[in-house]
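Worksheet for the structure shown next.
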Amino acid sequence: MICRPFFGDQGVAGRLIEDVWEIGVVMEGKVFTKNGLLKSLNLILVQEEGKKIRDNALKVKQTVQDATRPEGQAARDLKTLIEIISTTS
């Protein structure tokens, strides 16, 4: 994932993506440039650090896919929420 934050909380989200989750990079500078994009693509697709980013992104993808299956965590959490709302009404 290549981030180019420019408004609101996008800077925080970009830093989470790059520094915490390590699933992408934040483009340098305040202007979207061809050189900045090429630098980011090179890092993700060519450099050794990019392999770690791609591997982490695949792990996140698998986690999300597992959670959103019909019997995944998201469905279980929704059922629990519905039960809580139904019993408190």
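The values are calculated or read from the model by the stated rules, or taken from the named source; none is laboratory data. Since the model is a prediction, treat every value here as computed from it, not as a measurement. Virtual Cβ from ideal backbone geometry, glycine too; neighbours counted across all protein chains shown.
General remarks:
- Within segment 1-21, residues that are free of Cβ contacts under 8 Å to residues at least 24 places away in the same chain reach partners that are of a type outside the set (Lys, Arg) and not in a loop (DSSP other than H, G, I, E, B) with beta carbons closer than 6 Å, at six or more positions or on different chains, in the pairs PRO5/GLY11; PRO5/GLY14; GLY14/CYS3; GLY14/VAL26; ILE17/CYS3; GLU18/VAL25; GLU18/VAL26.
- Residue selection: ARG76 fails the criterion of being without any contact (Cβ under 8 Å) to a residue 12 or more places away in the chain and either surrounded by 14 or more Cβ atoms within 10 Å (Cβ to Cβ) or in a loop (DSSP other than H, G, I, E, B) (or both).
- Within segment 60-73, the set of residues being surrounded by 13 or more Cβ atoms within 10 Å (Cβ to Cβ) and not in a helix (DSSP H, G or I) comprises just one member, GLY72.
- Candidate set from segment 20-40 (those that are of a type in the set (A, V, I, L, M) and touching a helix residue (DSSP H, G or I) at 6+ places or on another chain (Cβ under 9 Å)); member that is modelled with the lowest pLDDT: MET27
- Segment 12-26: number of residues that are part of a helix (DSSP H, G or I) and either in contact with a Ser or Thr (Cβ under 8 Å, 6 or more places away or on another chain) or exposed (fewer than 13 other Cβ atoms within 10 Å of the Cβ) (or both): 3
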